[in-house]
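The values are calculated or read from the model by the stated rules, or taken from the named source; none is laboratory data. Bear in mind that the values here come from a model prediction, so they are computed numbers and not experimental data. Glycine gets a Cβ as well: all are built from the backbone with ideal geometry, and neighbour counts include every protein chain shown. Heads up: the accessible areas ignore ligands, DNA and RNA and are worked out on the full protein's heavy atoms, side chains in. Shrake-Rupley method; radii C 1.70, N 1.55, O 1.52, S 1.80 Å.
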Amino acid sequence: RKWSLPLHDGKRMNVAFPFIYQETLATGIMAYLDEYFSRFTEASLSDLISHFISKEKSSDNKGRPVYKLSYNVALAPFDLGVTQNVVFTASYDDRVQSYRVNMEIERVSGQDSNWAATNKPFLEKLRQYLLHWRNISSSQQALCVERGNALFGVSKSRG
């Protein structure tokens with residue numbers, strides 16, 4: 001199947017990743033994402049530069065946990081000046097009865113056509129990274145859950 005760029009208005013894009021997670025893994029997938037973005041904190045030969053903005057833990061209207069991570073991201077080629085704010089939300093999706101990760105992107109700088117063009121490889125690599133979650137060992141996933149629980153201040157009794 002060919003993956004294509006989600007619909008957008010040149011300023012904002014919403015990406016609902018097609019992967020589902022048990023509640024006990026929700027903090028783990030967020031730590032897994034944070035680990036990914038922490039690799040790109042300085043200009044290098046990579047395709048992006050990432051700066052952590054914030055984390056947030058809240059609850060939905062049924063009391064289920066919701067986790068958010070926010071980053072400012074510059075995309076290569078950097079001379080195009082494309083920067084964006086990226087917010088990941090892990091929340092319960094009633095339709096699939098599991099947790100899903102949603103990503104909201106807001107263009108901060110750069111022309112809208114360049115923004116769309118540079119986001120295609122960015123989103124493809126991110127999709128591949130999330131797909132790889134299924135292939136890591138359960139012990140590696142458990143380590144991610146531990147890091148995620150610490151990141152969001154979740155007690156160990158919660159899972």
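Odds and ends about this structure:
- Failed item in (1) part of a strand (DSSP E or B); (2) out of contact with any Gly (no Cβ under 8 Å at 6 or more places or on another chain); (3) open to solvent by less than 30 Å² (accessible area, probe 1.4 Å), with residue 67 passing the rest: (2)
- In segment 107-126, residue farthest from residue 83 (Cα to Cα) [restricted to those that are open to solvent by less than 50 Å² (accessible area, probe 1.4 Å) and in a helix (DSSP H, G or I)]: 126
- Matching residues in segment 79-96 - criterion: being open to solvent by 20 Å² or more (accessible area, probe 1.4 Å) and not in a strand (DSSP E or B): 79, 80, 81, 94, 95, 96
- Unmet requirement for residue 44, which otherwise passes all of (1) closer than 18 Å to residue 118 by Cβ; (2) modelled with pLDDT of 95 or more; (3) polar (S, T, N, Q): (2)
- Criterion (at pLDDT 95 or above, on the phi < 0 side of the Ramachandran plot and either open to solvent by less than 70 Å² (accessible area, probe 1.4 Å) or in contact with a His (Cβ under 8 Å, 6 or more places away or on another chain) (or both)) met by exactly one of 26, 76: 26
- Failed criterion for residue 54 (all others in (1) surrounded by fewer than 18 Cβ atoms within 10 Å (Cβ to Cβ); (2) part of a helix (DSSP H, G or I) hold): (2)
- Failed criterion for residue 99 (all others in (1) closer than 30 Å to residue 112 by Cβ; (2) open to solvent by less than 20 Å² (accessible area, probe 1.4 Å) hold): (1)
- Any hit, segment 15-26, residues being closer than 20 Å to residue 114 by Cα and assigned to a strand (DSSP E or B): yes
- Figure legend. Inter-residue proximity from segment 98-116: first residues at pLDDT 95 or above, second residues of a type in the set (Lys, Arg) and open to solvent by 20 Å² or more (accessible area, probe 1.4 Å), beta-carbon distance below 6 Å, spacing 6+ or different chains. Indicated pairs: 106/12; 107/11; 115/107.
- Scanning segment 29-48 for residues that are surrounded by fewer than 18 Cβ atoms within 10 Å (Cβ to Cβ) and either farther than 15 Å from residue 88 by Cβ or without any contact (Cβ under 8 Å) to a residue 40 or more places away in the chain (or both) yields a count of 10.
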